[in-house]
Amino acid sequence: MSVFNGLKLVSAKRPMQATPVVQRRNKMSKALFEQLQLATALANGNAYEPKRTRTVKDKLTGETRTYEFTKRVKQWWFVADSGKVCLQVRYGSKVIELAKGKNSIEVADGKELINVLGTVAKAVETGELDSLIETASNAVRARFIK
């Protein structure tokens, strides 16, 4: 045991699940990553088509098959009447209200859009948008309660 004398030993238990705040933050980070990939691909003139796999069991034969399909990623941005690009941050299908009465970030062009998406992703990772994400999460969850 002389090897462990210089080390700090503790009794710890690994958590089985992440906290709900961390789960929501991870969901938002993943969605922002997809938006960043989509914006970058469009700026380079490419198509962003993430592939997903689905395993389906045939009811008659009992055989399982794996299908690969392209996941549809909707853009969170659009061109406004003024000609500027507006970015709406979404949680699920809900648009997050970033400030009182303001739900969009106005950017000049595609390069600035990519920078803003990176900035929003950093804000999500540091926890700055946790309260806004929780509000949107509660609104999404309320639709499922009957």
| said: Restricting to the stretch 22-51, and then to whatever is touching a Phe, Trp or Tyr at 6+ places or on another chain (Cβ under 7 Å) and closer than 15 Å to K111 by Cα, can you tell me which residue is surrounded by the most Cβ atoms within 10 Å (Cβ to Cβ)? | reply: Q35
| Quick check, is V120 closer than 18 Å to R24 by Cα, surrounded by fewer than 17 Cβ atoms within 10 Å (Cβ to Cβ) and either touching a helix residue (DSSP H, G or I) at 6+ places or on another chain (Cβ under 6 Å) or β-branched (V, I, T) (or both)? | no
| Cβ-Cβ under 6 Å pairs, at least 6 apart or on other chains, the stretch 44-73 side aliphatic (A, V, I, L, M), far side surrounded by 10 or more Cβ atoms within 10 Å (Cβ to Cβ) and not in a loop (DSSP other than H, G, I, E, B) | V56/R65; V73/E34; V73/L38
| query | Do you know which of the residues in the stretch 54-71 that are at pLDDT 90 or above and not in a strand (DSSP E or B) is farthest from S104 (Cα to Cα)? | reply | E63
| query | When only residues in the stretch 96-111 that are modelled with pLDDT under 90 and closer than 18 Å to L38 by Cβ count, which is surrounded by the most Cβ atoms within 10 Å (Cβ to Cβ)? | reply | G110
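The values are calculated or read from the model by the stated rules, or taken from the named source; none is laboratory data. Everything numeric here is computed off the predicted structure, so don't read it as measured data. No Cβ is skipped: glycine too gets one built from the backbone with ideal geometry, and neighbour counts run over all protein chains shown.
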